[in-house]
Amino acid sequence: MCAEYTTFGLAPAMRAGGVLTDGGYQVHRDFVDFIVDGRPLLFRLSDLDAVSPLASDVPPAIFTAQVRSLLLESPAPLPGGRYVVYGCPECEDLACGAVTAVIQPDGEDVIWRDFAWQTDEHADLELNGYHGIGPFRFRGAEYRAALSALLGGSAPDPRRRVLLIGARVAVLAKLAAALRTIGVGADIAHDADHVPADELRAYGAVAFAPGTGEQQRAAVRRAFERAEVPVARVDGLAPIVPLLVAQIEHALDRSPLEQRRLTGLAVTDGEADIEITSACRVTLAAYRLDRFSRTRTHEIFDGVLEPGRHRIALDAKAVKGPSFVVARTSGGVLVTAVTH
């Protein structure tokens with residue numbers, strides 16, 4: 001059993017949704033992640049696309065039950081005193097696979113140990129154990145205070161709703177449909193005048209469609225300022241739905257900057273410069289409109305990268321003319337325009 005103490009905390013996190021290059025969709029999920037020794041525990045688990053049981057979009061009763069379970073106020077849901085630490089972001093089926101661990105009291109302290117990948121009721125530690133992770137000993141008071149704060153109304157408010165502003169109704173309608181498909185609410189309006197402050201507080205971001213005039217943008221900004229509602233603002237780069245979705249996903253990310261996996265994206269001299277903080281799968285895609293205003297999509301890169309800065313060559317045809325590059329990991333997304 002480990003003797004040294006490890007710090008325990010919680011922080012908002014996101015599984016980034018999006019419109020993928022193959023035409024499919026990835027669901028947006030907000031959740032509370034476990035911060036172990038100042039670093040998200042999820043980042044220690046290789047390239048895992050998963051969310052914790054403390055998801056912000058589950059009913060309050062289920063959220064409360066999950067918190068009380070981690071507080072050890074109810075029996076372990078799996079044999080051997082095992083608890084689900086991370087599960088499938090698309091469903092709650094254990095058959096999809098989940099990271100589990102034994103969570104047990106040790107005097108006043110709480111121990112997390114024997115992490116494993118599990119697809120049925122019984123974990124095979126020899127075959128599927130995460131042998132380099134844990135055990136972790138948490139001070140009981142710190143552990144219980146962090147989780148109990150969620151029961152007192154301190155759970156992060158995802159404000160997973162976006163106000164879309166602009167005159168290009170067809171583009172906004174397609175964008176709203178795409179956002180709703182991935183689990184992000186969207187409303188379309190010409191302005192925000194006369195909208196009650198309580199309604200404005202429901203929005204986590206306001207997105208201006210390409211071509212929206214500065215006067216119209218300024219009026220919307222003033223409406224949110226009068227209501228004293230802090231909101232992320234998105235200036236749409238181009239009328240390309242997957243690109244706009246990616247911009248909005250980035251704006252909705254409430255995770256602390258120092259705890260993000262994807263931290264930098266720039267395009268210079270025909271190369272994409274990417275910076276990541278932990279090993280993970282990264283995808284790069286380029287978007288542009290051809291001379292007939294049709295969207296052209298090119299998948300540039302899909303692979304696992306180690307922490308650090310990476311330069312990836314871009315196909316000149318993929319970024320011909322006004323074009324944009326989207327970098328994506330399971331937990332975040334960045335967008336940049338290509339300058340020639």
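The values are calculated or read from the model by the stated rules, or taken from the named source; none is laboratory data. Quick caveat, the model's predicted, so the values are computed rather than measured. Please note: Cβ atoms are built from the backbone with ideal geometry, for glycine as well, and neighbour counts cover all protein chains shown. What goes into the accessible areas is simple: the full protein's heavy atoms, side chains included, and nothing from ligands, DNA or RNA. Shrake-Rupley method; radii C 1.70, N 1.55, O 1.52, S 1.80 Å.
Of note:
- The spacing between segment 69-88 and segment 218-234, judged by their C-alpha centroids, is 42 Å.
- Backbone phi angles across segment 29-46, fed through the Karplus curve with coefficients 6.51, -1.76 and 1.60 (θ = phi - 60°), yield HN-Hα couplings of 9, 9, 8, 9, 9, 8, 9, 10, 6, x, 9, x, 4, 4, 5, 7, 9, 6 Hz in residue order; Gly and Pro are listed as x.
- Relative contact order computed over the chain (Cα-Cα under 8 Å; 6+ residues apart), in percent: 15 percent
- The GNM of the chain, with springs linking C-alpha atoms under 10 angstrom apart, assigns the highest mean-square fluctuation among 162, 58, 184 to 58.
- Environment charge at residue 142 (Cβ cut-off 15 Å; Lys +1, Arg +1, Asp -1, Glu -1): -2
- Highest to lowest packing among 30-37, 167-174, scored as the average C-beta count within 10 Å: 30-37, 167-174
- The helix-only estimate of mean residue ellipticity at 222 nm for the chain, built from DSSP H runs of length n ≥ 4 each weighted as -39500 (n - 2.57), is -5500 deg cm²/dmol after division by the residue total.
- Counting only protein heavy atoms and a probe of 1.4 Å, the accessible surface of the chain is 51% carbon and sulfur.
- Under 15 Å, Cβ to Cβ, from residue 53 - net charge with Lys/Arg +1 and Asp/Glu -1: -3
- Multiplying the residue separation of residue 199 and residue 88 by 0.36 nm and subtracting their alpha-carbon distance yields 36.7 nm.
- For the chain, accessible area per residue (1.4 Å probe, heavy atoms of protein chains only), Å²: 46 Å²
- Chain lengthening between residue 4 and residue 46 when straightened (0.36 nm per residue, less Cα-Cα): 12.7 nm
- Taking the convex hull of Cα positions in segment 10-133, its mean projected area over all directions (nm²): 8.7 nm²
- Electrostatic tally near residue 295: other residues with Cβ closer than 12 Å to its Cβ, Lys and Arg +1, Asp and Glu -1, net +3.
- At an R0 of 51 angstrom, the distance between the Cβ atoms of residue 294 and residue 68 translates into a FRET efficiency of 0.45.
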